[in-house]
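The structure under discussion appears below in the form of structure tokens.
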Amino acid sequence: MNPSIKLHIKGIDIHAIQWGNPAGEKVLALHGWLDNAESFSNLAPLLKNCHIVAVDLPGHGLSGHWPSHQHYHLWAGVEDVECILDELGWNHCHIIGHSMGAAIATLYAGTFPKRLTSLTLIEAIGPMACDIKGAPERLAQAINSMKKHNPEQASRKDTSSFIQARLNGPLKLTSDSAEKIIERGLVKTQSGYAWANDKRLRYTSMVRLPEDLIQSFIAAIECPVLGVFANDGLFTQEQAHIRWQVIQVEKQWHWLNGGHHLHLDGDVEEIANIVEPFIQANAG
């Protein structure tokens, strides 16, 4: 099985990595914001009875960027996932999502509930909700950013400064994990290297969904749900419970030691021992 896959959706190429047993349970893996498919490179090989395809979402990793007149709306990722599954020829599958990928997966599971066999959410249940009063200012800020947009990414002579930039970021990562993500997240230039991701991903979102609308998607989920959260992650149990209690179907969650990228640099074997039996128990 060739580990590299290239799909074509909505006019751009989507690159992906696959692992596991081609005859196993079909699993689509969705990474977090400014990450890429490599973020599953430690977990996926441990899910031996699954056929896992981890994509670089639009604007990330090796995948294409949207044309200049298009925007990166998180909720539009639902259509991207639907197109990716159509391209793979998967009528039904499991989804594992981390962070932004988990947010998109939550909305997708509520939009197309019959297509998912199970849903595993790592460090997110749905997207960030909007501050309604701040919506006009947010929209203006996003439009002004787009008006000034220059797609060129600055080059640096070697990869070490990119790795250090990730290590200095707000989300904790080990050096090995940062290096894995960076290796797939750069392009070679005449003067060194540059970020491969689309700069527009860093701009303020034009619109965020209100909390009651997000919860309507969560309530519409029909497949079993597994939650994996970090004790030193983005949420407290109290915060996550607000949305978790909205899930109407079979569900279980686990709070484990580690940070936001616990599926990459936490106790990955422990996570695999939770995820694999959950997927097999809900085999299609």
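Every number here is computed from the coordinates shown, using simple stated rules; none is lab data. If you're wondering where the values come from, they're calculated on a predicted model, not measured in any experiment. We place every Cβ from the backbone using ideal geometry, glycine too, and count neighbours over all the protein chains shown.
For segment 129-153, give me the residue count where each residue is closer than 15 Å to Ile182 by Cβ and either among the hydrophobic types (A, V, I, L, M, F, W, C) or exposed (fewer than 13 other Cβ atoms within 10 Å of the Cβ) (or both).
Result for segment 129-153: 0.
Conditions (1) touching a Cys at 6+ places or on another chain (Cβ under 8 Å); (2) within 30 Å of Ser161 (Cβ to Cβ); (3) not β-branched (Val, Ile, Thr), marked per residue:
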{"residue": "Lys180", "(1), (2), (3)": "no, yes, yes"}
{"residue": "Lys188", "(1), (2), (3)": "no, yes, yes"}
{"residue": "Arg202", "(1), (2), (3)": "no, yes, yes"}
{"residue": "Ile214", "(1), (2), (3)": "no, no, no"}
{"residue": "Cys223", "(1), (2), (3)": "no, no, yes"}
{"residue": "Val228", "(1), (2), (3)": "no, no, no"}
{"residue": "Phe235", "(1), (2), (3)": "no, no, yes"}
{"residue": "Trp244", "(1), (2), (3)": "no, no, yes"}
{"residue": "Lys251", "(1), (2), (3)": "no, no, yes"}
Among Leu171, Leu121, which is the only one that is under 27 Å from Ile17 (Cβ atoms), assigned to a loop (DSSP other than H, G, I, E, B), in contact with a Gly (Cβ under 9 Å, 6 or more places away or on another chain) and not small (Gly, Ala, Ser)?
-> Leu171
Return the pairs, sorted by first residue and then second, in which the second residue is aliphatic (A, V, I, L, M), the first residue lies in segment 138-149 and is farther than 10 Å from Tyr203 by Cβ, the beta carbons are less than 6 Å apart, and the residues are 6+ apart or on different chains.
-> Leu139/Met206
Which ranges mark the strands (runs of 3 or more DSSP E) fully within segment 1-55 that have 3 or more residues being without any contact (Cβ under 8 Å) to a residue 60 or more places away in the chain and of a type in the set (Val, Ile, Thr)?
-> 50-55
Strands (runs of 3 or more DSSP E) wholly inside segment 177-256 that include at least 2 residues being closer than 30 Å to Ile132 by Cα = 225-230
Subset of segment 81-94 (residues that are closer than 29 Å to His260 by Cα and either touching a Cys at 6+ places or on another chain (Cβ under 9 Å) or of a type in the set (Asp, Glu) (or both)) = Glu82, Leu85, His94
